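Here the structure comes first, spelled out in structure tokens, and everything after it is commentary.
Read-outs: derived from the displayed coordinates by stated rules, not from any lab. Bear in mind the structure is a predicted one, so any value in this text is a computation, not a measurement. Cβ coordinates were reconstructed from backbone atoms using ideal geometry, including for glycine residues, and neighbour counts include every protein chain displayed.
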Amino acid sequence: MGEVTVNWTAMFYELEDRIVGGEPTNLKRYPFNVQFFNYGGMCGGTILTSKTVMTAAHCFDHNHSRFIFDPQARTHEVWDFKVHEYYNTSAMFSNDIAVILVHDEFKFDENVKRAVLCDTDTWMNENEVFEATGWGEIKYKGELSNSGLMKTQLRYVSPNECMKSNRVVLTPDIFCLYGDGQRDTCKGDSGGGILWKDIIVGIVSHGHGCAVAPAMYTNVFYFRTWIYRTVRKLNELYCHFHKSRGHLKP
């Protein structure tokens, strides 16, 4: 399948709700952000390597997305992807993580870079501030932003407070953030990365509405071994496929 020509502005105006209560920012500030689309649906993602992207498993619940767009609006065909084997939509979206393999490599420069993933969980306390980014509405079910990429700040919420607010039981792979009823991520942000001091610590997962209660995020530190193993396996599969001249062998 060949590359698709995309009008970036036209594509983003078709998107659904995203960052609530945010402010405009620049893609150069977040060069590891990507979007991927499929038949009108959209998710975010984070560049891990020159050929892999991390996102949320629930982005593949209904449609298998086909194209990824890097920060320079270049098109990359999705070659394969791996959803966590224990992803469970009936258990509060536990294990909500996936890795995508693109066909053509990302061309790294000052505007397109790989993200740095966290190697500690010391950020999990209520004194820390986190950043989320996304494209779209400036309020829940409201008008679209004319400023393109938006960012917002969120604070850490303890598991007990989050469970009380949402009336759910959290699994260890999930943490919660809140913007005091004014700021939040929303549906179209799914799969995008959550930043703490320029380090990716989470993936936008799910919540009840937008900016009405703490939202829930996949804990990247919890899945670090799975991420590294999955990236390696996808790369090995791709190399094996091409060494066998396009025919996978048992």
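Packing, taken as the mean count of other beta carbons within 10 Å per residue, orders the peptides 235-242, 73-80 from highest to lowest as 73-80, 235-242. Per-residue extension of 0.36 nm, minus the Cα-Cα distance of residue 224 and residue 104, leaves a gain of 40.8 nm for this segment.
Remark: the residue 74-residue 90 segment gains 2.2 nm on full extension, using 0.36 nm per residue and subtracting the alpha carbon distance. Full extension of the chain between residue 169 and residue 124 yields a length gain of 14.4 nm, computed as 0.36 nm times the residue separation minus the alpha carbon distance. With each label modelled as a point 7 angstrom along the Cα→C-beta vector, the residue 155-residue 198 pair spans 2.6 nm.
The simple spin-label model puts a point 7 Å past each Cα toward its Cβ; for residue 233 and residue 28 those points are separated by 4.0 nm. Of interest is the spacing of the C-alpha centroids, which for the stretch 43-59 and the stretch 217-244 amounts to 11 Å. Please compare each pair in 82/164; 164/197; 113/197 to a cut-off of 26 Å on the Cα-Cα distance and tell me which ones are over it. With Cα atoms farther than 26 Å apart: 82/164; 164/197.
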